[in-house]
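Here is the structure we will look at.
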């Protein structure tokens, strides 16, 4: 995991490159598919759509980057058990959303390395 310059669309510390896509690209893709703002995914709002998008973002990042719950918690400034709950919840209720995010990312150009 390498630190990059601050992304104009992301809040600290979400300016991290992990593999092909920056974290902000995963967040923005999830935001576009769920029709919420990226800030809502990063924030603490309890609006149902935002919570669902947040959980889907965590599950997507866990799947494509194989991150541990503590690693995701550190990135999103959440306790690892909150991440565990969110990933489990989205996988039980809307697993297709994670697949849609991954499919959408696959159609985008990865960042140059």
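Is it the case that residue 64 is farther than 16 Å from residue 25 by Cβ and touching a residue at least 24 places away in the same chain (Cβ under 8 Å)?
no
Is it the case that some residue within region 42-52 is in a helix (DSSP H, G or I), under 14 Å from residue 26 (Cβ atoms) and modelled with pLDDT under 95?
First, the residues of region 42-52 that are in a helix (DSSP H, G or I): 42, 48-52.
If we keep only those that are under 14 Å from residue 26 (Cβ atoms) as well, we get 42.
Narrowing the set further to residues that are modelled with pLDDT under 95 leaves 42.
Yes: region 42-52 contains one or more residues that are in a helix (DSSP H, G or I), under 14 Å from residue 26 (Cβ atoms) and modelled with pLDDT under 95.
Quick one: which residue in 26, 36 is crowded, with 20+ Cβ neighbours inside 10 Å, within 14 Å of the chain's Cα centre (by Cα), modelled with pLDDT of 80 or more and not in a helix (DSSP H, G or I)?
Of 26, 36, the one residue that is crowded, with 20+ Cβ neighbours inside 10 Å, within 14 Å of the chain's Cα centre (by Cα), modelled with pLDDT of 80 or more and not in a helix (DSSP H, G or I) is 36.
I want to confirm something. Restricting to region 55-76 and keeping residues that are more than 10 Å from the chain's Cα centre (by Cα) and assigned to a helix (DSSP H, G or I), which single residue is farthest from residue 91 (Cα to Cα)? Full working, then the answer.
Taking region 55-76 first, the residues more than 10 Å from the chain's Cα centre (by Cα) are 63-71, 73-74.
Pick out the ones that are also assigned to a helix (DSSP H, G or I) and you get 63-65, 69-71, 73-74.
Details: 63: 11, 64: 14, 65: 16, 69: 15, 70: 18, 71: 19, 73: 18, 74: 21 Å.
The selected residue is 74.
The values are calculated or read from the model by the stated rules, or taken from the named source; none is laboratory data. If you're wondering where the values come from, they're calculated on a predicted model, not measured in any experiment. In this analysis, Cβ positions are derived from the backbone assuming ideal geometry, glycine residues included, and neighbour counts consider all displayed protein chains.
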